[in-house]
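The values are calculated or read from the model by the stated rules, or taken from the named source; none is laboratory data. Worth saying up front: this structure is predicted, and the values here are computed from it rather than measured. All Cβ positions, glycine included, derive from the backbone under ideal geometry; neighbour counts span all protein chains shown. Quick note on the areas: whole protein, heavy atoms, side chains included, nothing else; ligands and nucleic acids left out. Shrake-Rupley method; radii C 1.70, N 1.55, O 1.52, S 1.80 Å.
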Amino acid sequence: MNADDWLRTLTAELHQRRVAADAARHVVAEAATHLREGGGDPWVVFGPPQQYAGAVVESIGTAPGPRPGPVRLHAAGITKRYGRRTVLRDATLTVRAGQIAAVVGANGCGKSTFLRICAGLMSPDAGKVTVSGRLGYCPQSGGTADFLLADEHFVLVGAGQGVARGPARRAGRAAARQLGWEAGGDVQARHLSGGTRQKLNLTMSTLSAPDVLLLDEPYQGFDQGTYVNFWDQLSRLRDAGTAIVVVTHLLNQLDRVDIVLDLTPAHETGWHAPGIQGGRP
Ligand SMILES: Nc1ncnc2c1ncn2[C@@H]1O[C@H](COP(=O)(O)OP(=O)(O)OP(=O)(O)O)[C@@H](O)[C@H]1O
């Protein structure tokens, strides 16, 4: 990890620990100056960025986070069978405004199926999903139209919300920029890289300012910088009151979420999944 990566990770860690934005900027700028002037490996000078962020929190404290709001998504007792095989059994999840829930579990345990049911794209065999407010959904892949430009995707999403072409384009480009992508080019979606197509997918799912945002491993193909931007964007959306459900395999990010739903069947884990565990305090 070079100095830039170390500083980027420190920034993300401070944000995640809810250090006030001004104070975090100040801490990162100080560390950058120190490294620039004094040289040296940041891991030797400051230690791991996570540990340094922890020390910062101990000395200056954190900004009070917004309280979770009303329930936005309630999936109760979801059971789903494909033929004779039961993929989901009695899965339950409640997510409030201002919370991030991670859906985790082994390959094939039904994470995408659960999300599609939450999105209303598939019916469960038992159980019920209640969504309060506007819904955004980002599938694991697909979702873009090969022959359209990014701007044309934004205009289409805008049209569905009654937003005029110009504002829709501007909103799309601004959201894409948060992922480090300048989206206004004249490249059709089929010619975008896999990671960039996923940025387009993700951008479209957030464009309607959804109250509930469902993301099915949306970061596939993202480079490290975009990946950090992605989790920062989720934190911002959460702080703005969005209820977020994200399917993820990356357990190292679980301390960035409020709720964990593990869909691994109980006989494979030795404990009674699905369960909801508190992640972030
Ligand atoms: N339409 C379908 N018909 C029959 N079986 C299906 C269908 N869709 C998914 N499955 C099967 O159901 C199981 C759960 O699939 P799902 O994609 O929901 O799992 P997942 O946890 O998201 O997997 P991964 O971690 O690999 O993305 C898998 O064994 C899959 O093969």
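I'd like the full set of residues that are over 16 Å from Thr206 (Cα atoms), of a type in the set (A, V, I, L, M) and within 13 Å of the ligand (Cβ to nearest atom), limited to the stretch 116-146.
Listed by number, the residues that qualify are Ile117, Leu121, Met122.
Go through the residues of the stretch 56-78 one by one and say whether even a single one is of a type in the set (Val, Ile, Thr), open to solvent by less than 20 Å² (accessible area, probe 1.4 Å) and within 16 Å of the ligand (Cβ to nearest atom).
Looking for residues that are of a type in the set (Val, Ile, Thr), open to solvent by less than 20 Å² (accessible area, probe 1.4 Å) and within 16 Å of the ligand (Cβ to nearest atom), one finds at least one in the stretch 56-78, hence yes.
Only one of (1) within 16 Å of the ligand (Cβ to nearest atom); (2) out of contact with any strand residue (DSSP E or B) (no Cβ under 9 Å at 6 or more places or on another chain) is not met by Ala102, so which one is it?
(2)
For the stretch 145-177, which residues satisfy the criterion of being surrounded by fewer than 18 Cβ atoms within 10 Å (Cβ to Cβ) and either assigned by TED's automatic domain parsing to the domain that holds Phe222 or touching a residue at least 24 places away in the same chain (Cβ under 8 Å) (or both)?
Within the stretch 145-177, Ala145, Asp146, Phe147, Leu148, Gly160, Gln161 qualify.
Considering only residues that are open to solvent by 50 Å² or more (accessible area, probe 1.4 Å) and part of a strand (DSSP E or B), which ones fall in the stretch 116-130? Spell out how you get there, then give the answer.
The first filter runs over the stretch 116-130 and keeps only residues open to solvent by 50 Å² or more (accessible area, probe 1.4 Å), leaving 116, 120-121, 123, 125, 128, 130.
Hits for the stretch 116-130 are Lys128, Thr130.
Count, please, the residues in the stretch 239-274 that happen to be open to solvent by 10 Å² or more (accessible area, probe 1.4 Å) and either at pLDDT below 70 or under 21 Å from Ala75 (Cβ atoms) (or both).
Residues flagged as open to solvent by 10 Å² or more (accessible area, probe 1.4 Å) and either at pLDDT below 70 or under 21 Å from Ala75 (Cβ atoms) (or both) within the stretch 239-274 amount to 25.
How many residues are closer than 27 Å to Val71 by Cα and surrounded by fewer than 21 Cβ atoms within 10 Å (Cβ to Cβ) when one looks only at the stretch 131-144?
Qualifying residue count, the stretch 131-144: 7.
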